Amino acid sequence: QVQLVESGGGLVQPGGSLRLSCAASGSIVSWNTMGWYRQAPGKQREWVGDITSGGTTGYAGSVKGRFTISRDNAKNTVYLQMVSLKPEDTAVYYCRLTGTNYWGQGTQVTVSS
């Protein structure tokens, strides 16, 4: 059974930074593509970006240049570093084992002054 647990969310002012973590059970991070998604109130869940087993990353246009995905295979953890945050980045952020129905429980990010 795959378990994904996000952490690191919180309240931050516009222009601020946060780093989210997604801790996975087992050694799945190093062998699979891991994705980050977000869902704002009243909106559909959207893809934010992902990282392949080879370390290639991809990002949605709305976050490219501001968000960075990385991973630590030894810790079975994927990270989402977010800088220059905007109010429109406010959402619940989820990690996912790409291509499966394994999702974390989500962590709330609120960008507000």
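A few comments on the model shown:
- Separation in nanometres of the label points that stand 7 Å from Cα toward Cβ, at residue 52 and residue 11: 4.2
- Spatial separation of Cα centroids for the stretch 52-113 and the stretch 4-44, in angstrom: 4
- The lysines whose alpha-carbon is closer than 22 Å to the alpha-carbon of residue 43, local same-chain residues fewer than 8 away aside, are 64, 86.
- Taking Cα centre as origin and charging only the Cβ of basic (Lys, Arg, +1) and acidic (Asp, Glu, -1) residues, the dipole magnitude of the chain rounds to 80 debye.
- Anchor residue 75: aspartates and glutamates whose Cα lies under 14 Å away (excluding residues fewer than 8 positions away in-chain): 6
- Of all accessible heavy-atom area on the chain, the percent that carbon and sulfur account for (1.4 Å): 47
- Each Cα pair under 8 Å and six or more residues apart adds its separation to the average, and for the chain the resulting relative contact order is 38 percent.
- Pairwise label distance in nanometres, residue 39 with residue 110, each label 7 Å out on the Cα-Cβ vector: 1.9
- Computed FRET value (nearest 0.05) for residue 1 with residue 86, which takes r as the C-beta separation and R₀ as 25 Å: 0.10
- Surface exposure of the stretch 29-113, expressed per residue as accessible area with a 1.4 Å probe, stands at 50 Å².
The values are calculated or read from the model by the stated rules, or taken from the named source; none is laboratory data. Bear in mind that the values here come from a model prediction, so they are computed numbers and not experimental data. No Cβ is skipped: glycine too gets one built from the backbone with ideal geometry, and neighbour counts run over all protein chains shown. To get the accessible areas, we keep the full protein, side chains included, count just its heavy atoms, and leave off ligands, DNA and RNA. Shrake-Rupley method; radii C 1.70, N 1.55, O 1.52, S 1.80 Å.
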